[in-house]
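The structure appears right after this line, and notes come after that.
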Amino acid sequence: MLSKKASCDAHGQDSSYFLGWEAYENNPYHQLDNPSGIIQMGLAENQLSFDLLESWLASNPDAVGMKRNGESVFRELALFQDYHGLPAFKNELVKLMSKIRRDKVKFDPNKLVLTAGATSANETLMFCLADPGEAFLLPTPYYPGFDRDLKWRPDVEIVPIHCSSSNGFKITMPALEKAYERAQRLNLKVKGVLVTNPSNPLGTTLTRQELNHLITFAVAKEIHIISDEIYSGTVFDSPRFISITEAVIDRKLQETDLWSRIHIVYSLSKDLGMPGFRIGMVYSNNQTVVSAATKMSSFGLISSQTQFLLANMLADTKFTSKYMKENRRRLKKRKEMLVSGLKTAGIKCLKSNAGLFCWVDMRKLLVSNTFEAEKELWKKIIFEVGLNISPGSSCHCTEPGWFRVCFANMSEETLQISIRRIKAFVETILIISNGCSSLQQRQRRRGSVIGKWVSKLSSSDPEPDR
């Protein structure tokens with residue numbers, strides 16, 4: 001006899017977001033061993049600057065070898081460390097967070113809780129801020145993993161804030177109010193709003209106006225704001241990144257109740273490209289939250305060896321400055337490569353300035369303006385084109401035909417192959433569509449019957465969404 005948690009199917013693993021990963025894992029692309037395999041474009045990893053990290057590691061053997069001033073600290077690190085974390089590491093983390101925000105915000109290491117990645121940080125905040133059955137509002141489209149991180153173990157409900165392509169999927173006050181009203185109709189108590197800034201999957205930073213909407217809304221409803229800022233160091237173009245903390249300070253609200261309801265999630269998975277190191281954190285001005293989250297972190301600690309290594313790396317401010325600058329340059333170049341490549345295929349992307357992905361508009365490739373048509377297109381792109389991309393429906397987008405396409409987890413050569421595959425696919429669709437259109441015209445003119453093979457072809461042809 002198992003628990004309900006173990007027996008239920010509420011993990012979210014059946015989402016097309018995760019199913020695409022499974023398809024890739026069953027037939028992964030390899031330049032030599034499997035050149036016709038599926039290319040992974042559904043994984044938001046930053047592999048563009050490994051050479052910079054490896055160069056630092058090679059130049060700092062003491063940090064890698066667990067030495068301090070030439071003396072081994074292995075025994076010190078091998079022993080149990082409590083859940084507060086190494087002070088030296090936390091001090092360097094808050095300095096990095098301030099640097100990314102151009103020192104417009106200062107962070108206190110005593111208000112920072114270490115977690116095993118941002119996934120753990122978001123789940124921990126759910127346990128701290130909401131009881132089972134209570135709700136958080138999330139603007140759509142949002143990261144598909146939130147359905148797992150927020151709902152599976154904490155049993156928190158997600159109520160979407162529906163955003164539209166008509167304004168670039170920006171958060172508006174009417175959208176916030178409508179989501180809140182929907183929660184009330186469902187008898188759900190709203191405990192807060194969670195946003196990703198920069199946005200995953202949009203690749204855009206929240207504007208000052210959007211941040212002010214969130215602040216005004218949170219003050220009026222007396223609820224929390226969680227700002228997941230794990231992509232804050234990837235902003236490679238204007239407008240600049242504005243943290244929720246900076247926006248609150250600019251409105252001089254530090255002495256109000258809202259200050260204790262602002263919480264930030266951060267990690268080194270995206271900005272430094274180290275998801276395997278599992279470095280995440282919660283930052284909160286609420287001491288009760290910090291205390292509870294610190295105790296909960298016992299279930300997902302970061303190893304002392306990892307903390308020691310990265311404390312040394314982050315303390316090298318010359319290196320971190322060089323890394324951030326060069327990494328942003330590489331991300332911008334890679335993003336422009338994808339956008340220009342898709343443009344040659346007649347496919348547009350939402351204008352973006354951050355992140356490891358583009359929000360791609362493939363609505364014209366749908367046979368109808370439905371999510372069923374989006375699903376069919378997604379299947380073709382995975383199994384016929386050989387690209388794993390994430391459909392908008394997995395991100396709870398309200399408009400069919402949008403896809404998240406990652407560009408930083410592969411080589412430049414692999415990205416070029418991906419672009420060629422998409423271009424060939426689009427050209428094939430257009431050729432078939434034009435061919436069918438000509439055949440239908442001749443059929444009407446001549447009153448003839450077209451062969452079965454043409455009818456079969458015609459029945460499966462996509463038509464642009466109108």
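The values are calculated or read from the model by the stated rules, or taken from the named source; none is laboratory data. These numbers come from a predicted model, not from an experiment. Counting neighbours? That spans all protein chains shown, and the Cβs are built from the backbone with ideal geometry, glycine included. Calculation scope for accessible area: heavy atoms of the full protein, side chains included, ligands and nucleic acids excluded. Shrake-Rupley method; radii C 1.70, N 1.55, O 1.52, S 1.80 Å.
So here's what we get for this one:
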read-out: Residues of type aspartates and glutamates that Lys170 reaches as a straight line, Cα spacing below 13 Å, ignoring anything fewer than 8 places off in the same chain; value: Glu210
read-out: Fully extended contour minus Cα-Cα distance, from Ser291 to Met173, at 0.36 nm per residue; value: 39.2 nm
read-out: Whether the range 129-269 is rounded, prolate or oblate, judged on the alpha carbon gyration tensor where a/c under 1.5 counts as rounded; value: rounded
read-out: Nearby lysines by direct alpha-carbon distance to Lys5 (threshold 21 angstrom, same-chain neighbours under 8 apart not counted); value: Lys151
read-out: Per-pair calculated FRET efficiency, R0 = 45 Å: Ser411 and Ala78 via Cβ, rounded to 0.05; value: 0.75
read-out: Gained length - Leu186 relative to Lys332, 0.36 nm times residue gap less alpha-carbon distance; value: 48.3 nm
read-out: Mean ellipticity per residue at 222 nm, deg cm²/dmol - from DSSP H runs of n ≥ 4 across the chain, formula -39500 (n - 2.57); value: -13500 deg cm²/dmol
read-out: Accessible surface, per residue, of the chain when the full set of protein chains is kept, probe 1.4 Å, Å²; value: 47
read-out: Whole-number D in µm² s⁻¹ for the range 90-180, Kirkwood Cα-pair radius fed into Stokes-Einstein, 37 °C, 0.692 mPa s; value: 214
read-out: Residue list for the range 328-354, given a label point 7 angstrom along the Cα-to-Cβ vector of Ser238 and an amide N cut-off under 17 Å; value: 351-354
read-out: Three-way shape label, the range 269-327, alpha-carbon gyration tensor, a/c 1.5; value: prolate
read-out: Alpha-carbon spread of the range 62-315, three principal axes, descending order, Å; value: 62, 39, 35
read-out: Three-way shape call for the range 242-392 based on the alpha-carbon gyration tensor, with the a/c threshold at 1.5; value: prolate
read-out: Across Lys99/Lys252; Lys348/Lys423; Lys67/Lys322; Lys4/Lys375; Lys333/Lys375; Lys178/Lys364, pairs whose alpha-carbon gap is larger than 23 Å; value: Lys67/Lys322; Lys4/Lys375; Lys333/Lys375; Lys178/Lys364
read-out: Accessible surface of the chain, 1.4 Å probe, proportion on carbon and sulfur as whole %; value: 52
read-out: Computed over the chain: relative contact order in percent, which uses C-alpha pairs under 8 Å that are six or more apart; value: 22
read-out: Inverse mean reciprocal Cα-Cα distance (Kirkwood Rh) of the chain, Å; value: 23.9
read-out: The range 62-315: relative contact order in percent, alpha carbon pairs under 8 Å with at least 6 residues between; value: 28
read-out: Protection proxy ranking, peptides 332-339, 386-393, average beta carbon neighbours within 10 Å, highest first; value: 386-393, 332-339
read-out: Kirkwood-Stokes translational diffusion coefficient of the range 33-125, alpha-carbon pairs, 4 °C, 1.567 mPa s, µm²/s; value: 75
read-out: For Asp228, distant residues with modelled amide H under 5 Å away; value: Val195, Thr196, Asn197, Val265
